[in-house]
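The values are calculated or read from the model by the stated rules, or taken from the named source; none is laboratory data. Worth saying up front: this structure is predicted, and the values here are computed from it rather than measured. Neighbour counts are summed over all protein chains in view; Cβ atoms, including those assigned to glycine, are modelled from backbone coordinates with ideal geometry. Surface accessibility is based on the protein's heavy atoms, side chains included, excluding ligands, DNA and RNA. Shrake-Rupley method; radii C 1.70, N 1.55, O 1.52, S 1.80 Å.
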Amino acid sequence: MLTLCDHPISSNALKVRFLLAELGLEYERRTIPITRPRPDDYVALNPLAGIPTLIDGDLVLTESNAILRYLANRYGGEELYPADPVARAPIDELLDRYALTFRPAFFSIEVLALGFTPQGGFGSAPADPPATSCARAATLRTFDALIDPGGYALGRFTIADCAAAPVLNRTTHTGMDLSPYPNLLRWRETVCARPAFAQAEPVQ
C-alpha cells in the first residue's frame with residue numbers, strides 16, 4: 001500500500017492525489033500539519049519538511065514532480081509520461097518551466113490574496129484579494145503563448161497537467177482574472193473538469 005503524507009490545502013499534495021486518482025491507485029493518506037515547525041518524526045522522514053512525501057515500500061520520495069514521474073513510470077502511466085525520450089522531453093521541459101518560472105508568478109498572487117505565511121500557511125495572515133491586480137502580466141502572457149489552445153498544455157493529457165491543475169484551480173479562489181490569457185483559462189477549465197481531479201478532493 002502506498003502512503004501519501006499530505007495536507008488537504010497543499011497544492012503539491014493535490015497534484016499527486018490527482019495523478020493517483022488518474023492511475024486508479026489505492027493509498028493511505030497521512031495528514032501532516034500545515035504549520036511549522038512540523039513534527040520531528042516527519043522531519044526525520046523528509047529533512048526539508050515539505051509536503052507531500054510518498055512512501056512506497058522502502059522508497060521515500062519527497063519532491064512532488066519527482067513523485068509524479070515515479071508514479072507514472074512505475075504504475076503504468078505511459079500515456080501520461082512516455083518512456084520514449086523524444087516524447088518525454090516536452091513534458092520534462094514544461095514541468096521545469098512551470099516549477100521554476102510560472103509557479104512563482106502565481107504564488108506571488110496567492111500569498112497576498114489568500115493570506116499566506118510560511119509558518120501558518122494560507123489563511124494565517126490578512127487576505128488582500130485586490131492584490132491579484134499585481135499579477136506578473138508579462139510572465140503570464142509568455143506562459144499563455146506556450147500552452148496548447150486545445151485545453152491541455154501539450155495537446156493531450158500528461159503529468160504536466162497534473163502538476164499545474166491545483167494552482168490553476170486556486171485562481172478561482174484568489175479572484176485572479178484569467179480572461180486575458182485564453183489558453184490558461186481553457187487549460188484550467190479542461191483539467192479541473194476531469195473526474196479524477198474531483199476525486200482528489202481539491203480545497204483551494
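If a residue has to be over 25 Å from V43 (Cβ atoms), part of a loop (DSSP other than H, G, I, E, B) and open to solvent by 40 Å² or more (accessible area, probe 1.4 Å) to count, how many in the stretch 63-83 make the cut? Reasoning before the result, please.
Going through the stretch 63-83, the residues over 25 Å from V43 (Cβ atoms) turn out to be 72-83.
Okay, now just the ones that are also part of a loop (DSSP other than H, G, I, E, B), so 75-83.
Pick out the ones that are also open to solvent by 40 Å² or more (accessible area, probe 1.4 Å) and you get 75-76, 78-79, 83.
Adding up the residues that qualify gives 5.
Once the stretch 51-104 is narrowed to residues that are within 12 Å of the chain's Cα centre (by Cα) and of a type in the set (D, E, K, R), the residue that is modelled with the lowest pLDDT is R103. The set of residues in the stretch 22-42 being outside any loop (DSSP other than H, G, I, E, B) and open to solvent by less than 50 Å² (accessible area, probe 1.4 Å) consists of L23, Y42.
Can you tell which of V86, V60 is free of Cβ contacts under 8 Å to residues at least 24 places away in the same chain, part of a helix (DSSP H, G or I) and either open to solvent by 20 Å² or more (accessible area, probe 1.4 Å) or aliphatic (A, V, I, L, M) (or both)? Walk me through how you get there before you give the answer.
Values: V60 fails: part of a helix (DSSP H, G or I).
Matching residue, one of V86, V60: V86.
Checking each residue in the stretch 147-189 for being part of a helix (DSSP H, G or I), open to solvent by 10 Å² or more (accessible area, probe 1.4 Å), closer than 20 Å to D96 by Cα and at pLDDT 95 or above picks out N183, R188.
Could you tell me which residue of the stretch 170-191 is farthest from Y81 (Cα to Cα), considering only residues that are among the polar types (S, T, N, Q) and in contact (Cβ under 8 Å) with a residue 60 or more places away in the chain? Lay out the reasoning, then the answer.
Applying the first criterion (among the polar types (S, T, N, Q)) to the stretch 170-191 yields 171-172, 174, 179, 183, 190.
Now drop any that are not in contact (Cβ under 8 Å) with a residue 60 or more places away in the chain, which leaves 171, 174.
Working: T171: 26, T174: 30 Å.
Only one residue fits best here, namely T174.
Among the residues making up the stretch 126-146, a single one is open to solvent by less than 40 Å² (accessible area, probe 1.4 Å), farther than 28 Å from L19 by Cβ and modelled with pLDDT of 70 or more: A137. Scanning the stretch 190-204 for residues being assigned to a loop (DSSP other than H, G, I, E, B) and under 14 Å from S11 (Cα atoms) gives a total of 6.
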